[in-house]
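Coordinate-derived values only; no laboratory data. Note that this is a predicted model, so its numbers are computed, not measured. Cβ placement follows ideal geometry from the backbone for every residue including glycine, while neighbour counts extend to all protein chains displayed.
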Amino acid sequence: MAREAYTYHQLALALLFTAVFRGESCNLEVKEPSEEIRQKEQSTFHIPCDVSVAQCHDKGALQFTWHVFRKSSSEQLDLVSGSSKYSLLKEGTLAVKSFQVADSGIYHCGVSIRDHVGTGAQVIGNGTVVAATVISHQIQHAVIWLLFVVLAVYSLIVLTLLILKMTGRDVPILRGKCGKNNGSKNNSTRRRHFRAVLQELYSNRNLHSTAKTPTLRPSADSQFENPHTPTQDDIYQNL
């Protein structure tokens, strides 16, 4: 009888520990980026999943799953079969490759403790919004054509200026650049002309003053000493 009671007690104790282990509560906390992630098409980016574990009797290996909720659909991402688009990195970080507009949505990180079904052993994050930065094809074509037109006009202007310069024609645009170099030459030329005019006026003034001044008739002795001295009549005849 005592033996049967001992056996029964051992069995009850085992069941009690099993019940406590199975019903034990854990505290898992998942943190994801709260700010919106905007990506261009064909880009590659990562979404981290930070996990903190507390109050768990058995902290086994963590299992990560990722879920995405789009406008019209939702799915659990395949991270096991070696997908070329989604992959799971260390510490639960999700890697997304060749991002497309259709991949936009809210990405949730799910975490669970392996071989543990107690309360709080599974938790899912609040989610991270991922959106695509899209530039419409019409805007892209308009920008490309605008750049092409600007480049063509610039090339045409440069070619025209080169042709005019090679042919020796006056180019008003280039006149401003050459004006500084030719300015000193023009100023010196004007100064020379002005000096020549002043000298001519001064010479004419001296000539008139000389004509008005009475001249002395040479004496006979001086003419005898210097018979070749010109007289006033000879001067006027020479003029």
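Under the convention that each Lys and Arg Cβ holds +1 and each Asp and Glu Cβ holds -1, the size of the dipole of the range 25-134 around its Cα centre is about 220 debye. Highest average first, the peptides 122-132, 139-149 ordered by how many other beta carbon atoms sit within 10 Å of their residues are 122-132, 139-149. In the distance distribution for the range 37-96, Cα-Cα pairs more than 15 Å apart total 61 percent. How high is the FRET efficiency between LEU89 and TYR154 when r is their beta carbon distance and R₀ equals 45 Å, given to the nearest 0.05? The computed FRET efficiency comes out at 0.40. In this structure, LYS40 and TRP145 have a Cβ-Cβ separation that, at R0 = 22 Å, corresponds to a calculated FRET efficiency of about 0.50. Calculated FRET efficiency, SER98 and SER72, Cβ-Cβ r, R0 25 Å, to nearest 0.05? About 0.75, to the nearest 0.05. Converting the Cα gyration tensor eigenvalues of the range 25-134 into ellipsoid dimensions via √(5λ) gives semi-axes, longest first, of 27, 14, 12 Å.
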